[in-house]
């Protein structure tokens, strides 16, 4: 019988909430030996849209794309070090395109059983539910993914990560 979880894909954009999802994935890997892959997407689709609508000139778009790619590489290197500090091997991948479709494509190509997304850690009260607790990109991923999706809202993930 196939294990319920063997491969977990984590979408990371460098935000605090996405880094909490990364730490959750590392903890999950350490505790259950699942394979973890972290993807960072350079949102070239939005940059292209801004260029086509003339909100951004092509030279500026190219510079921003290069900066985002460099940021992505640095973030993924930082994540590798986080995983290594907990004796966990992870894969990383830098992709380019529309965030939601690239996350889904990465999960499909890698046969991920679960996609982890970062979410706010404001609790389950109604005020938190009324605020946008997931981004539009996250909503697209949740609605379109072919595998299960989990939004990580663990408020104490940093403490759990430290004691791992």
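Mind listing just one residue for me: the one in the stretch 83-93 that is under 14 Å from the mean Cα position of the chain (by Cα) and either touching a residue at least 60 places away in the same chain (Cβ under 8 Å) or surrounded by 16 or more Cβ atoms within 10 Å (Cβ to Cβ) (or both) and, of those, farthest from residue 71 (Cα to Cα)? For the stretch 83-93, the residue satisfying everything is 90. Taking the criterion of being free of Cβ contacts under 8 Å to residues at least 60 places away in the same chain and closer than 21 Å to residue 153 by Cα, the residues of the stretch 94-117 that qualify are 100, 104.
Taken over the stretch 53-73, the residue count meeting the criterion of being more than 17 Å from residue 97 (Cα to Cα) and within 20 Å of the chain's Cα centre (by Cα) is 0. Within the stretch 106-115, restricting attention to residues that are assigned to a helix (DSSP H, G or I) and within 13 Å of the chain's Cα centre (by Cα), which residue is farthest from residue 150 (Cα to Cα)? Once the filter is applied, the top-ranked residue is 106.
Only the coordinates and a few stated rules stand behind these numbers; no lab work does. All values derive from a computational prediction rather than experimental measurement. Counting neighbours? That spans all protein chains shown, and the Cβs are built from the backbone with ideal geometry, glycine included.
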